[in-house]
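A short write-up of the structure that comes next.
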Amino acid sequence: MRVLIVEDEERFAAGLGDGLEAEGFAVDVALDGVDGLWMARENAYDAIVLDIMLPRLNGYRVCRTLRGEGNWTPILMLTAKEGEWDEIEGLDTGADDYLTKPVSYAVLLARLRALLRREARERPAVLAVGDLLLDPAARTVTRSGRQVEVTARELAVLEFLMRRTGEAVSKRTILDHVWGDDFEGDPNIVEVYVRRLRNKVDRPFGRDSLRTARGHGYRLVPDGE
């Protein structure tokens, strides 16, 4: 999942970004409202963490502008200001959730997961494709009731594909959402991780769920299709 953090406190933004990346997210950071708005317009994000008190353009205006343009990416708004009127204004401009600093990282992560489930497509708490189950909160994968050991990056690739079951997803799209568009390595890294996942979630169970969509990339299909 790809997340944009718009936050002018550099140490806080860096710490939050490091934590989310350790959880398997791809993270971009903007340090002011103008850059944050531009990045949100130019890239496809799964969620945005948006501070209110930002240089050049505050979070209220960023949020209001995005919603006015039809951008419904889930937004978690952050502020150092306490008071119900700030919360009301943030939610009324189109934010999906609101946290007051200092924030608990565990709570922020849980709220972020909740926002990801609010996307227009169905986003259940536990993802299921046939007997393949992935729990993003517990960070576990099981198939036929047996736990499958995966790395953080393998889990991120699998989660991205499971949230788009049946869709042909390009390698570029997977790279952008799992590694981030500043990734400068070999794009064939996607093939490496798909092969690892096949060796873990398909072949030991005699399945063929993770398929190559020739000329397009990869897609995950339910059992028997």
- Item | Any hit, region 71-91, residues being β-branched (V, I, T) and either within 20 Å of the chain's Cα centre (by Cα) or modelled with pLDDT of 90 or more (or both) | yes
- Taking region 141-156 only, how many residues are farther than 13 Å from V129 by Cα and either of a type in the set (S, T, N, Q) or touching a His at 6+ places or on another chain (Cβ under 9 Å) (or both)? 3
- Scan region 1-30 for residues that are in contact (Cβ under 8 Å) with a residue 40 or more places away in the chain, touching a strand residue (DSSP E or B) at 6+ places or on another chain (Cβ under 8 Å), open to solvent by 10 Å² or more (accessible area, probe 1.4 Å) and not hydrophobic (A, V, I, L, M, F, W, C) and report the count. 3
- Does T73 satisfy the criteria of being under 21 Å from L175 (Cα atoms) and not in a strand (DSSP E or B)? yes
- Item | Residue among R118, R153 that is within 23 Å of V3 (Cα to Cα), modelled with pLDDT under 90 and of a type in the set (K, R) | R118
- Message: Tell me yes or no: at least one residue of region 31-39 is touching a strand residue (DSSP E or B) at 6+ places or on another chain (Cβ under 8 Å), at pLDDT below 95 and in a helix (DSSP H, G or I).
- Response: no
- Check off (1) in contact with a helix residue (DSSP H, G or I) (Cβ under 9 Å, 6 or more places away or on another chain); (2) open to solvent by 20 Å² or more (accessible area, probe 1.4 Å); (3) modelled with pLDDT of 90 or more for L134 and give me the number that stays unchecked. (2)
- Task: Count, please, the residues in region 32-62 that happen to be open to solvent by 10 Å² or more (accessible area, probe 1.4 Å), touching a residue at least 40 places away in the same chain (Cβ under 8 Å) and under 18 Å from the mean Cα position of the chain (by Cα).
- Result: 4
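The values are calculated or read from the model by the stated rules, or taken from the named source; none is laboratory data. All values reported here derive from a predicted model rather than from experimental measurement. Cβ coordinates were reconstructed from backbone atoms using ideal geometry, including for glycine residues, and neighbour counts include every protein chain displayed. The protein model used for the area step is the full one, side chains on, heavy atoms only, and it has no ligands, DNA or RNA in it. Shrake-Rupley method; radii C 1.70, N 1.55, O 1.52, S 1.80 Å.
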